[in-house]
Structure formats: C-alpha cells, structure tokens
Amino acid sequence: MIKLANKRVLLGVSGSIAAYKSAELVRLLRQQGAEVRVVMTATATEFVQPLTFQALSGNMVYSAWDDADRGDGMGHIELARWADAIIIAPASADLLARLRQGMANDLLTTLCLASDRMIAVAPAMNRLMWENAATQDNMAVLKQRGIHVLGPGTGGQACGEIGLGRMLEPDQLVQDISALFGSGILSGARLLLTAGPTREPIDAMRFLSNRSSGKMGYALAQAAIEAGADVTLISGPVALTAPARAKRRDVNSANEMYEAVMAEVPTHDIFISAAAVADYRPLEFSKEKVKRKANTIDLALTQNRDIVASVAALPNKPFVVGFAAETSDVERHARGKLQRKGLDMIAANQVGDGQGAEVDDNAMTLYWVEGSHHLEKTTKHKLARQMIAIIGEHYHAAT
Ligand code: C5P
C-alpha cells in the first residue's frame, strides 16, 4: 500500500548538518505518494543548496520571506493552508526554541504559527545541546501543545561525540510520518459526504433552517482526504472553505441535497451523512413575499425524504454512516436510528447546553450493531481523524 497517497507534506529544513539526509527524505516521501514542498531556513541553505530540494521535490523551494509570494501564486498563508502536515527535519535547537516562543521571524516559523494542521519535528543536534535543560524544557512545552516529536536517535555525531541527538534516518522518519497520518486507511476509497444545514424555502425571502455550522462534516472531509480517500462533499449553505482536494457541490434545500446525493452515490464506496437535513419543508412555496396580515399565521409542513435511509435501501448500497444529535437518552435513540434507517454505523452525540452544532469541541460515540466506541471530547478536527480511522476499519471489514 502506498502509505502517503494524497498527502501534502510541507517539509521544513533548519540549520543542521543532518539537512543533507532530508534530501533522501524528500525522495522517500514522494515514493510513498506524498506531494512535498520544502521550506528552508537561511542557515539550512548554507548546509544544502535549495536546488537539491527543488530537483527532488519537483517544486520551487521557499526560503526568503517573499519566496511564498512569488512565482507559483502561493502566498505564505496559502502555503500553510496547502499542507496536511508540517514536518521539520532536521529541527535544530534554535528552531525548536523559536517554535516554543511562538516566534515568526522567518518564513518557516511563520508558517507553523499560521497552521492548524499536524506539526512534527525531528530534532538534530549535539548531545549536550539536546540534554540541556533549556532544550528539554522547550520539548516539554512543544509536546504539550500537541507537536509530535520524532526521535532523536542515538549514535555517533558529526561533532565526534556519541549520544542522543542524531536525526532519525529517513526511512524511519517516513514510517513514523505515515503512522502519524493514520496509514492511509482510506487509500483509493471514494467517499461521499453531506454537511451543513439545509434551507427550506417559505417564500422569495424566507426559509426554515437550523444551527448546523458544517464544521464536523468539513473536518471529516479533510480527515478522509488525509486518509487517502477521494472525497465528494455535498454542502448546504455554510461559511466554510472546502478542503482544496474535495469535489464540492453546493445545494440549498433537502430536495436538492437528495437529488445530488442520488446522482453521486453510484460511484462512491462510503456515504457519510453529516448534514443536518431538515425533516420538514413548507408544503407550499410562495413566489411573492408573504405579507404581514393576521397576528398568527399557519405554516403547513410536509416531510422531506430521508436521504441517508434512501441510500441505505439501495441494492448496491455503499458503507453508510449516519449521525444522531440527541438531547437525551443518546444510545437508545441512536441505536433505534441505526436499525430503522439500515445504517452500518451511527455517530451520536448529546446536543444542547453548549454542545453540538455550533461549537468547536465535541464528544461522540460510534455505534454499530455489535458494538460501540466512545471518543472523548476534543476538537472537531481531532474527532474527525479518530472517526475516519474507525470508519476505515469497519469499511474494510465489511468489504
Ligand atoms: O432522524 P434524524 O434526523 O435524527 O437522523 C439524522 C441522520 O439522518 C443524519 O445522518 C442526517 O444526515 C440524516 N437525515 C437524512 N435525511 C433527512 C433527515 C435526516 O439523510 N431527511
């Protein structure tokens, strides 16, 4: 299996003699299917010529401040957004200290500050520099912030000493990086996903809708891409930017979402229904704006078709995952929907009291017929990665 299919790795190279090994790292990352862009600190360019990295990555190398705003239309924020992960190898003592301080005094540290993606560092330095309390203190803080630390290894050093502080070998780094990505569990799978609310029109100006922000669905789209899937995202109206590699189709009403899903589903292997689809729509739509008249008006509603249940009832159905947002008795309601709608899995959470639709943190329990898995409260991005790992496992077990 190509472990890094679809992955975009921003490789940061800082000033250490181990920088020469990163040339091999670029080659191995690409061999595993990753797209690689290299950012070098000024000191790194004294150890290795940018041209080496340009030739091996197939992309221009960024080093000076304005490099990211030149040539290929990637401003530095674009470059930060482009990456699925920032891997800094080698990470010198100086780079780690600057990272810990949140400094933005060169392009690489600025990109790290401007990124909400996974960051990993592969330290490389003399043994005494590594053991120094200042470095150890920096590492403790970086780890606490969720930055992954790969190595260092032990052995002979360029300075002639022996001990901890060597950068890990490139083949080991590629293995560790693949593991961080969750091993491409959806490599080659085609995944269809709905996200966001729907709008059910009342008249030319008004609609019925709900509080869904689309954040969970968009985070799942990103996590699925990182896991190697080809993603089609059918989105209700949200204020979010779709991951660059997702194919996005925008819809408004539940009816439009139904049509879009049914058109796409035959070419997909997995369907995740994260949208908060309105259960009802106004029975009648008025082309003219409804005028204010009496104190109360009646609005007759009629039921929308259930999209996820319709997909699950198809003869060649994909692996189907639904959501259940419940205000009470979460497991009973979730299991009821799992069975009634014929789903393979359902992701359930408690809503209300500041949990669920509009917030960034969430907890979730996944249920399937024979089991369940609880995911502790964390950011929707982390939750999405954990969900995709479990969905991937069950999808493979079912096919
Ligand atoms: O029944 P309930 O609306 O709670 O079910 C939620 C699940 O069903 C979600 O996965 C949602 O996307 C899906 N759903 C649907 N079509 C509807 C209503 C809900 O696909 N009309």
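The requirement of being surrounded by fewer than 21 Cβ atoms within 10 Å (Cβ to Cβ), in the same structural domain as VAL311 (by TED's automatic domain parsing), at pLDDT below 95 and of a type in the set (Phe, Trp, Tyr) is fulfilled nowhere in segment 197-210; no residue meets it. The requirement of being within 15 Å of the ligand (Cβ to nearest atom), closer than 24 Å to MET118 by Cβ, of a type outside the set (Val, Ile, Thr) and surrounded by fewer than 24 Cβ atoms within 10 Å (Cβ to Cβ) is satisfied by LYS215.
Residues of segment 135-167 that are under 19 Å from LEU180 (Cα atoms) and touching a residue at least 60 places away in the same chain (Cβ under 8 Å): LEU150, MET167. Output yes when any residue across segment 107-130 is farther than 22 Å from ALA42 by Cα and assigned to a helix (DSSP H, G or I), and no when none is. Yes: segment 107-130 contains one or more residues that are farther than 22 Å from ALA42 by Cα and assigned to a helix (DSSP H, G or I). Taking the condition at pLDDT below 95 and either of a type in the set (Lys, Arg) or not assigned by TED's automatic domain parsing to the domain that holds ALA224 (or both), does ALA19 pass? Judged against the criteria, ALA19 is not a match. Restricted to strands (runs of 3 or more DSSP E) entirely inside segment 252-337, those with at least 1 residues that are more than 13 Å from the ligand (Cβ to nearest atom) and at pLDDT 95 or above are 270-273, 280-282, 319-326. Taking ARG145 as the residue in question, decide whether it is surrounded by 14 or more Cβ atoms within 10 Å (Cβ to Cβ) and among the charged types (D, E, K, R). Answer is no for this residue. Of all the criteria given as (1) farther than 28 Å from ILE202 by Cβ; (2) of a type in the set (Ser, Thr, Tyr); (3) in contact with an Asp or Glu (Cβ under 6 Å, 6 or more places away or on another chain), the one not satisfied by THR267 is (3).
Give the residue that is farthest from the ligand (Cβ to nearest atom), with candidates limited to residues of segment 338-357 that are of a type in the set (A, V, I, L, M) and in contact (Cβ under 8 Å) with a residue 40 or more places away in the chain.
ALA357
Select, from ALA239, ALA179, ALA221, the only residue that is buried (at least 20 other Cβ atoms within 10 Å of the Cβ), under 20 Å from the mean Cα position of the chain (by Cα) and either of a type outside the set (Ser, Thr, Tyr) or under 16 Å from VAL320 (Cα atoms) (or both). First the steps, then the outcome.
Working: ALA239 fails: buried (at least 20 other Cβ atoms within 10 Å of the Cβ); ALA179 fails: buried (at least 20 other Cβ atoms within 10 Å of the Cβ).
Residue meeting the stated conditions: ALA221.
The number of residues in segment 294-329 that are loosely packed, with under 14 Cβ neighbours inside 10 Å and closer than 17 Å to ALA348 by Cα comes to 3. Evaluation of LEU375 against the conditions (1) of a type outside the set (Asp, Glu); (2) within 13 Å of the ligand (Cβ to nearest atom); (3) not in a loop (DSSP other than H, G, I, E, B) shows that the sole unmet condition is (2).
Would you point out the residue of segment 338-351, among those that are outside any strand (DSSP E or B) and of a type outside the set (A, V, I, L, M), that is nearest to the chain's Cα centre (by Cα)? Spell out how you get there, then give the answer.
To start, the set of residues in segment 338-351 that are outside any strand (DSSP E or B) comprises 338-344, 351.
Next, only the ones that are of a type outside the set (A, V, I, L, M) stay: 339-342, 344.
On the way: GLN339: 29, ARG340: 30, LYS341: 28, GLY342: 28, ASP344: 23 Å.
Per the stated criteria, the residue is ASP344.
Kindly indicate whether VAL351 is in the same structural domain as ALA325 (by TED's automatic domain parsing), at pLDDT 95 or above, of a type in the set (Val, Ile, Thr) and within 22 Å of ASP306 (Cβ to Cβ). The answer is no for VAL351.
The values are calculated or read from the model by the stated rules, or taken from the named source; none is laboratory data. On a predicted model such as this, the values are computed, not experimentally measured, just so you know. Cβ: placed from backbone, ideal geometry, glycine included. Neighbour counts: every protein chain shown.
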